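First comes the structure, then the notes that go with it.
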Amino acid sequence: MMKIQESAEDYLETILILKERSGQVRSIDIATEMHYTKPSISVAMKKLRENGYIEMDSDGLITLTDSGYRIASGIYDRHKVLTAFFVSLGVNEKTAAEDACKIEHDLSEETFAKIREHALKTVK
């Protein structure tokens, strides 16, 4: 998985989640979801656009580019696997999701692969 700043990964993951939830994404949707101000989201979207991770049309609709989608789906997959794994250990779902969010960016590929492997054996 390509390594970019954690905040950029969070924005891309949020765009993916919102797209799956409602079919379209605007900056205001991201601001609402992440509890950030519209100006800070605008700055972040400009950087993501300049780096080729998103595109924005004339109506303000945001879509992930192929590279943005690869990063977003990788982080979201980590989030889902880690959350399910923590829940299987007995952690309540809210705490499990919060903890998954904290570590999804920092785990090595090797450690995550072993967690996934173990989770697939135990989480059904």
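The values are calculated or read from the model by the stated rules, or taken from the named source; none is laboratory data. Not measured: the values here are computed from a predicted model. Neighbour counts are summed over all protein chains in view; Cβ atoms, including those assigned to glycine, are modelled from backbone coordinates with ideal geometry. Keep in mind that these areas ignore ligands, DNA and RNA; they rest on the heavy atoms of the full protein, side chains included. Shrake-Rupley method; radii C 1.70, N 1.55, O 1.52, S 1.80 Å.
State whether the chain is rounded, prolate or oblate according to the following rule on the C-alpha gyration tensor (a ≥ b ≥ c being the square roots of its eigenvalues): a/c under 1.5 gives rounded; otherwise a/b larger than b/c gives prolate, and the remaining case gives oblate.
Numbers: a/c = 2.31, a/b = 1.84, b/c = 1.25.
In terms of gyration-tensor shape, prolate.
Using the Karplus relation 6.51 cos²θ - 1.76 cosθ + 1.60 with θ = phi - 60°, the per-residue 3J(HN,Hα) values for the range 100-114 come to 4, 4, 6, 10, 4, 7, 9, 5, 5, 4, 4, 5, 5, 4, 5 Hz, with x marking Gly and Pro.
Coupling constants for the range 32-46 follow from the phi torsions by the Karplus curve (6.51 cos²θ - 1.76 cosθ + 1.60, θ = phi - 60°), and in residue order they are 5, 5, 8, 6, 10, 6, 4, x, 5, 5, 4, 4, 5, 5, 4 Hz; glycine and proline get x. Scanning residues 5 or more positions from THR65 or on other chains, those with amide H under 5 Å from its amide H are ILE54, GLU55, with H placed 1.01 Å from N in the peptide plane. Given +1 at the Cβ of Lys and Arg, -1 at the Cβ of Asp and Glu and no other charges, the dipole of the range 48-115 around its Cα centre is 280 debye to the nearest 20. Element breakdown for the chain at a 1.4 angstrom probe: carbon and sulfur atoms account for 54% of the accessible area. For TYR36, no residue has an amide H sitting under 5 Å from its own, ignoring neighbours fewer than 5 places away on the same chain, with H placed 1.01 Å from N.
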